[in-house]
1. What is the gain in length, in nm to one decimal, between LEU141 and VAL23 on full extension, counting 0.36 nm per residue of separation less the C-alpha to C-alpha distance?
2. What translational diffusion coefficient, to the nearest whole µm²/s, does region 41-108 have by Stokes-Einstein, given a Kirkwood radius computed over alpha-carbon pairs, a temperature of 20 °C and 1.002 mPa s viscosity?
3. Compute the signed sum of charges (Lys and Arg +1, Asp and Glu -1) over the other residues within less than 10 Å, Cβ to Cβ, of MET154.
4. Within region 30-118, which chymotrypsin sites (Phe, Trp or Tyr not before Pro) sit in a loop by DSSP and count at most 16 neighbouring Cβ atoms inside 10 Å?
5. What ratio of Cα Rg to 2.2 N^0.38 Å holds for region 33-189?
6. Within region 20-116, which trypsin sites (Lys or Arg not before Pro) sit in a loop by DSSP and count at most 15 neighbouring Cβ atoms inside 10 Å?
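Bear in mind that the values in this text are calculations on the coordinates, not laboratory data. In this text the structure is predicted, and so the values were computed from the model without any measurement. All Cβ positions, even for glycine, are placed from backbone atoms using ideal geometry, and neighbour counts span all protein chains on display.
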Amino acid sequence: MNYLGVGISPGNVPVYHGTNLKVIDRRVRVAELVLRCLICGLSVVAAVLIGTDAQVKEIFTIRKKARFTDMKALVFLVVTNGVAATYSFIQVVRCVVGMVRGSVLVNKPLACAIFTGDQAMAYLNVAAVGAAVQSAVFAKLGQTELQWMKICNMYGKFCNQVGEGVAIAVLVSVCTVVLSCISAFSLFRLCGKNKAKDSSGW
């Protein structure tokens, strides 16, 4: 007979077992895979939209063609999205192979390499998007102090397509930032597990 309810666990108190950690691992891996697929697909779309954009305008019998190569920030953005798509595709393959085999990431050097790569992609994408947005603002609004004219008044189609590509690149940069946070979480949790094993050995 129990007195004062000692040894009785109320039904509304959650009890955590080791299986919950496996559920968390599975959800983290699924979220990582979804984000990497999004980054890969959106990066390709952004690079294609900007890279294939061109418009010819005739000004006083002079034909002038606007390309993305005319703005170095757009070139940087296209290259960055190409690198992000390639890197994400490689990581998608790694994630799929790991999920098929049912293996969990336990290799600390590999986790550090993934964390470093994700951080580099996040910084690179944010920098490229920032530069492209600044150039797009100058093209849209001009800069009277420097006598820079509003290019989008003449090349409306070109600017619209570039704007679509930059908007998608912004989504890519957001996804890379979130993904870098997930890889940081995985790395720090892995380090925590190793410390727990070391301390249990004493």
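1. This chain segment gains 37.4 nm when fully extended.
2. 145 µm²/s
3. Every neighbour counted, the sum reads +3.
4. PHE60
5. Rounded to two decimals, the normalised Rg is 1.26.
6. none
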